[in-house]
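A quick write-up on the structure given underneath.
Read-outs: derived from the displayed coordinates by stated rules, not from any lab. Just so we're clear, the structure is a prediction, and the values are computed from it rather than from any experiment. Quick reminder, even Gly has a Cβ in these numbers, built from the backbone with ideal geometry, and neighbours come from all protein chains shown.
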Amino acid sequence: MTAITFNGMRQAVADILREEVSQIGDEDNLVDWGLDSIRLMALTLQWQRAGLQVDFAQLAERPQLSYWWGLLASAGGAEHDG
């Protein structure tokens with residue numbers, strides 16, 4: 001399993017949305033930034049391939065970085081930055 005950091009998660013989201021990392025807030029609704037089901041599925045698959053037990057439906061339920069971080073932490077694949 002590959003551990004993911006909060007900043008790594010944030011970077012993956014920014015990359016798929018083609019936005020600057022610093023522009024996306026932890027509590028922002030990522031749908032407002034252009035996250036759609038296709039992009040969300042791509043993120044889900046990326047994290048699953050890294051060995052994280054994440055579920056598309058759980059991520060879709062509340063598309064916010066802060067919420068997703070809690071899901072990744074409970075999946076055992078989160079590693080604190082710095």
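Side notes on the structure shown:
- Going from the residue with the fewest nearby Cβ atoms within 10 Å to the one with the most, F56, F6 rank F56, F6.
- Taking amide hydrogens as placed 1.01 Å from N in the peptide plane, the amide H of E19 sits under 5 Å from that of no residue at least 5 positions away in sequence or on another chain.
- Simple spin-label estimate for A60 and A73 gives 2.6 nm between the two label positions (7 Å along the Cα-to-Cβ direction from each Cα).
- With K and R counted +1 and D and E -1, the other residues having a Cβ less than 13 Å from that of Q64 yield a net charge of -3.
- All Cα-Cα separations within the chain were binned at 10 Å from zero, giving a P(r) of 19, 60, 21, 0, each value a whole percent of the pairs.
- Among residues other than L17 with Cβ under 13 Å from its Cβ, the summed charge is -3 (Lys and Arg +1, Asp and Glu -1).
- Evaluating 6.51 cos²θ - 1.76 cosθ + 1.60 at θ = phi - 60° for every residue in the stretch 44-58, the Karplus couplings come out as 4, 5, 4, 6, 5, 5, 7, x, 8, 8, 10, 10, 3, 4, 5 Hz, glycine and proline recorded as x.
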